[in-house]
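A short write-up of the structure that comes next.
The values are calculated or read from the model by the stated rules, or taken from the named source; none is laboratory data. As the structure is a prediction and not an experimental result, all values here were calculated from the model. Positions of Cβ are backbone-derived with ideal geometry, glycine not excepted, and every protein chain shown enters the neighbour counts.
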Amino acid sequence: MPLTRITLCDRTSEARIAQISSILHRTLVETFDVPAHDQFQIVEKLPATQRIYDLRYLSGRRSDDFILFTLLAGKPRSAAQKSAFCRTLTQRLAAQLAVRPDDVMVVIQFNTAGDWSFSNGEMLVGEAL
């Protein structure tokens, strides 16, 4: 299960957020070994004063429409899976929503199943993630 935080500019419409969310989830299912019913996302819309980033660092040039995806996943993925996820997500956002590839940044972090409590204050046991 990844928990994904999607950070966007504050003028992003609710309809566009829903599309981004759908593209993200479909890409996670198809490339990142995530079950279809496993969807946990936090969307934050922030004004420019609260989204501070370099326009060119390791990129052509970012715009005000820059999107940051921060994933926390409970089991490791291979380099090939991570690469396929990032590539496919960026391609789909470009094709379906005209998001510039330079405006997509992904950060992936991993922990273990024992670091998650889904409910009732009980820690997850084993490799369920």
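Key figures for this structure:
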item	result
Residues of the range 93-104 classified as closer than 19 Å to VAL29 by Cα, surrounded by fewer than 20 Cβ atoms within 10 Å (Cβ to Cβ) and of a type outside the set (Gly, Ala, Ser), total	1
Elements of type strands (runs of 3 or more DSSP E) in the range 1-83, at least 1 residues being more than 14 Å from VAL106 (Cα to Cα) and under 13 Å from the mean Cα position of the chain (by Cα)	40-46
Among the candidates ILE23, ILE67, ILE42, residue that is in contact (Cβ under 8 Å) with a residue 40 or more places away in the chain and under 12 Å from ARG5 (Cα atoms)	ILE67
Residue list for the range 11-34, filter: exposed (fewer than 13 other Cβ atoms within 10 Å of the Cβ) and either touching a Leu at 6+ places or on another chain (Cβ under 9 Å) or at pLDDT below 95 (or both)	none
